[in-house]
Amino acid sequence: MTLYKVFIKRVLDFLAALIGLVIISPLFLVLSICLFIVNNGHPFVYQERTGKNGNIFTIIKFKTM
């Protein structure tokens, strides 16, 4: 692939992800409110994970189970 095609693909992937996030963000808001009410507290769980080259990072997940 040429550099031009790689750049266009990257821009289109970013725009598709951004549009998808904007579309489902109201669902995330409703889910957060419901989880806050049901769990009597924070609707998120923070976990440490090991990434590439052994780097530790924190992932944020909904408490859905």
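The values are calculated or read from the model by the stated rules, or taken from the named source; none is laboratory data. In this text, all values refer to a predicted model and were calculated from it rather than measured experimentally. Here Cβ is always computed from backbone atoms with ideal geometry, including for glycine, and neighbour counts include all displayed protein chains. Ligands, DNA and RNA are excluded from the accessible area calculation, which covers all protein heavy atoms including side chains. Shrake-Rupley method; radii C 1.70, N 1.55, O 1.52, S 1.80 Å.
Sort out which residues of the range 1-44 are in a loop (DSSP other than H, G, I, E, B), of a type outside the set (Gly, Ala, Ser) and free of Cβ contacts under 8 Å to residues at least 12 places away in the same chain, and write them in order of number.
MET1, THR2, ASN40
Suppose we filter ILE19, ILE23, ILE37 for residues that are β-branched (Val, Ile, Thr), open to solvent by 70 Å² or more (accessible area, probe 1.4 Å) and at pLDDT below 90; which single one remains?
ILE37
Based on what the data block shows, is PHE7 open to solvent by 90 Å² or more (accessible area, probe 1.4 Å) and in contact with a His (Cβ under 8 Å, 6 or more places away or on another chain)?
In short, no.
Quick one: is VAL30 hydrophobic (A, V, I, L, M, F, W, C) and open to solvent by less than 90 Å² (accessible area, probe 1.4 Å)?
Yes.
How many residues does the range 52-65 contain that are surrounded by fewer than 10 Cβ atoms within 10 Å (Cβ to Cβ) and either of a type outside the set (D, E, K, R) or touching a residue at least 40 places away in the same chain (Cβ under 8 Å) (or both)?
8
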